[in-house]
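Q: Before we start, here is the structure in question, set down as structure tokens.
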């Protein structure tokens, strides 16, 4: 598997893990916050989508921090229905997958800009993957907490060996 194929594969795995966690919580639990300074699943979904739409739109040709992005607004829990939240979530991921899957080996030698800072394309991919992985981990953690005993593990259950 090439680097680009690996990145596309791993970005899809991150989304799948988050999706498997999100379906295990109630609509109310999507908006639950452990404290006022912590993010709900809904806020994390909205933030990731906003980041993706900014970073991946015209990835190779424009700064990844678009002037129309309202980053602070991404941390306001104002998308009230699961349907609307899922729509923006899917739009963000579609933008990421479209941009990543359009990359060619020749693109790996190019430089992109994020917030005015130059990054090699591989570095930009790894940077975004790391960012998303951190937030997906938060989504999984909150979902597991809220689902409680109804939680279906996303990996090998405890006290089971991997074959």
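Q: Could we say that residue 149 is over 20 Å from the mean Cα position of the chain (by Cα), at pLDDT 95 or above and more than 16 Å from residue 11 (Cβ to Cβ) here? If you could, list the steps in order and put the result at the bottom.
A: On the way: over 20 Å from the mean Cα position of the chain (by Cα): yes; at pLDDT 95 or above: no; more than 16 Å from residue 11 (Cβ to Cβ): yes.
In short, no.
Q: All but one of (1) over 16 Å from residue 93 (Cα atoms); (2) touching a residue at least 24 places away in the same chain (Cβ under 8 Å) hold for residue 73; state the number of the condition that does not hold.
A: The one condition residue 73 does not meet is (2).
Q: Here is a follow-up. Go through (1) more than 24 Å from residue 16 (Cβ to Cβ); (2) out of contact with any helix residue (DSSP H, G or I) (no Cβ under 6 Å at 6 or more places or on another chain) one by one and return the number of the condition residue 112 breaks.
A: Every condition holds for residue 112 apart from (2).
Q: For residues that are more than 15 Å from the chain's Cα centre (by Cα), within 23 Å of residue 27 (Cβ to Cβ) and without any contact (Cβ under 8 Å) to a residue 40 or more places away in the chain, tally how many sit in segment 115-144.
A: 0
Q: Now, a different point. Can you tell me which residues in segment 127-163 are outside any loop (DSSP other than H, G, I, E, B) and out of contact with any helix residue (DSSP H, G or I) (no Cβ under 8 Å at 6 or more places or on another chain)? Break it down stepwise before answering.
A: Going through segment 127-163, the residues outside any loop (DSSP other than H, G, I, E, B) turn out to be 127-150.
Result: 127, 130, 134, 137, 141, 145, 148, 149, 150.
Q: Residue 26: surrounded by fewer than 19 Cβ atoms within 10 Å (Cβ to Cβ) and either closer than 27 Å to residue 110 by Cα or in contact with a strand residue (DSSP E or B) (Cβ under 8 Å, 6 or more places away or on another chain) (or both), yes or no? Even if it seems obvious, please write down each step before you answer.
A: On the way: surrounded by fewer than 19 Cβ atoms within 10 Å (Cβ to Cβ): yes; either closer than 27 Å to residue 110 by Cα or in contact with a strand residue (DSSP E or B) (Cβ under 8 Å, 6 or more places away or on another chain) (or both): no.
So residue 26 fails the test.
Q: Restricting the search to segment 46-70, which residues are more than 23 Å from residue 123 (Cα to Cα) and surrounded by 14 or more Cβ atoms within 10 Å (Cβ to Cβ)? Even if it seems obvious, please write down each step before you answer.
A: Filtering segment 46-70 for residues more than 23 Å from residue 123 (Cα to Cα) gives 46, 68, 70.
Answer for segment 46-70, where residues must be more than 23 Å from residue 123 (Cα to Cα) and surrounded by 14 or more Cβ atoms within 10 Å (Cβ to Cβ): just 46.
The values are calculated or read from the model by the stated rules, or taken from the named source; none is laboratory data. For clarity, every value in this text was computed on a predicted model and none was experimentally measured. Reconstructed Cβ throughout: ideal geometry from the backbone, glycine too, with neighbour counts over all protein chains shown.
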